[in-house]
Amino acid sequence: MTALVLDGKSAAARAKEQLRSRVAALPQAPNLVVVQVAGDPAADRYVKAIGRCCGEVGVGYSLSVLPVDVRTARVEEIIRDLSADPNVHGIIIQMPLPKHIDSTAVIACLDPRKDVDGIHPINAGRLANGTPTLVPATPAGGMALLREYGIAVAGKSAIVVGRSAVVGRPMAWLLLQADATVTIAHSRTQDLAALIRQADIVVAAIGKPRFITRDMLKPGAVVVDFGINLDAEGTLCGDVDTANVLDHVSAITPVPGGTGPMTNVQLLENLLTAIRL
Ligand code: NDP
């Protein structure tokens, strides 16, 4: 068996073309604002990529970088002001915020209708209820990639390894909405390998280089790898040992070039939803 490699880069390029025409047809281009606290080089790269993506599809983009010692009250004020600004259609608070900032309090100041990253509890609650809402972009992108390749989800057994609010948990809800039978695993799960081996669809959202190995996967499984890691040699890799499972699974998202490129496309998809809310 040779795995179908789910090419997120090409799928994202096609999706961006469509987004560009949809934006061009709007009376006014929507505006996205990213609020970032300085001091995280990885976040600098993510934010730059979001800005580039906005430029490619013709969406307005601005970045507000706050000093590393900014206080919670000031960030709350900024988010409240942006939420009230009719010229701002989508807001991203670049996570994680530094430890001294109360993220929960900051997120509560965000207008849920402008929450294109789906982090506000109202959006998270709607997702959990199975009601249409703004969904976190990374898992939404993973689901879009499965749809793009016509991979059946309904009735399949799926396991999501990882339960963060931005990746694992919402992915589990989305798979459930798509009628999979879903298990959520985490660092306290017992006999994880045995659980993974039973699954038709394996989602990795762990953050550990090549953690899921060939022996853990059922032959023919579909693998969605959200991991973005650097191994001991400094090589970018996912949470799955991709090179050694390619002749064992039926489909897999590569890292890089799989779920990653889909994330920003989904953010912009959410922005176009937000302007209608
Ligand atoms: P978190 O660190 O917030 O969550 C990691 C999850 O993995 C936790 O639920 C944790 O369990 C679980 N976990 C850790 N160790 C184990 C283990 N040994 N066995 C089973 N479960 C374990 O990470 P994120 O969800 O934010 O990110 C996950 C990965 O996805 C990272 O590599 C990140 O870089 C990447 N990512 C990719 C994006 C993309 O666009 N493709 C966007 C965002 C993130 P517990 O809850 O018990 O601690």
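Each value in this text was obtained by applying a stated rule to the coordinates, not by laboratory testing. The structure displayed is predicted, hence computed values, not measured ones. Heads up, the Cβs are rebuilt from the backbone with ideal geometry, glycines too, and the neighbour counts pull from every protein chain shown.
The table below gives the values:
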{"quantity": "Lone qualifier among ALA154, ALA172 - being more than 10 Å from the ligand (Cβ to nearest atom), closer than 26 Å to ASP7 by Cβ and not in a loop (DSSP other than H, G, I, E, B)", "calculated": "ALA172"}
{"quantity": "Residue check for SER164: within 9 Å of the ligand (Cβ to nearest atom), within 30 Å of ASP231 (Cα to Cα) and surrounded by 16 or more Cβ atoms within 10 Å (Cβ to Cβ)", "calculated": "yes"}
{"quantity": "Tally, over the stretch 214-228, of residues that are more than 22 Å from LEU146 (Cβ to Cβ) and not charged (D, E, K, R)", "calculated": "0"}
{"quantity": "Odd one out for ALA29 among (1) in contact (Cβ under 8 Å) with a residue 12 or more places away in the chain; (2) closer than 25 Å to LEU97 by Cα", "calculated": "(2)"}
{"quantity": "Of residues in the stretch 94-115 being among the aliphatic types (A, V, I, L, M) and within 14 Å of the ligand (Cβ to nearest atom), the one surrounded by the fewest Cβ atoms within 10 Å (Cβ to Cβ)", "calculated": "MET95"}
{"quantity": "Residue under evaluation ARG147, criteria (1) touching a helix residue (DSSP H, G or I) at 6+ places or on another chain (Cβ under 8 Å); (2) surrounded by fewer than 17 Cβ atoms within 10 Å (Cβ to Cβ), criterion not met", "calculated": "(1)"}
{"quantity": "Residue check for VAL222: within 15 Å of the ligand (Cβ to nearest atom), under 16 Å from SER157 (Cα atoms) and surrounded by 12 or more Cβ atoms within 10 Å (Cβ to Cβ)", "calculated": "no"}
{"quantity": "Meets criteria (in contact with a Gly (Cβ under 9 Å, 6 or more places away or on another chain), among the β-branched types (Val, Ile, Thr) and more than 12 Å from the ligand (Cβ to nearest atom)) for THR213", "calculated": "no"}
{"quantity": "Where LYS48 falls short, out of the listed (1) of a type outside the set (A, V, I, L, M, F, W, C); (2) surrounded by 13 or more Cβ atoms within 10 Å (Cβ to Cβ); (3) at negative phi", "calculated": "(2)"}
{"quantity": "Residue in the stretch 4-45 that is farthest from the chain's Cα centre (by Cα), counting only those that are surrounded by fewer than 19 Cβ atoms within 10 Å (Cβ to Cβ) and closer than 30 Å to GLY220 by Cβ", "calculated": "LEU4"}
{"quantity": "Set ALA204, ALA274, ALA243, ALA232: member being in contact (Cβ under 8 Å) with a residue 24 or more places away in the chain, away from the ligand (no atom under 14 Å from the Cβ) and hydrophobic (A, V, I, L, M, F, W, C)", "calculated": "ALA274"}
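Matching residues to (1) of a type outside the set (A, V, I, L, M); (2) under 19 Å from the mean Cα position of the chain (by Cα):
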residue: ASN87; (1), (2): yes, no
residue: ILE92; (1), (2): no, yes
residue: MET95; (1), (2): no, yes
residue: ALA105; (1), (2): no, no
residue: ARG113; (1), (2): yes, yes
residue: ASP117; (1), (2): yes, yes
residue: PRO121; (1), (2): yes, yes
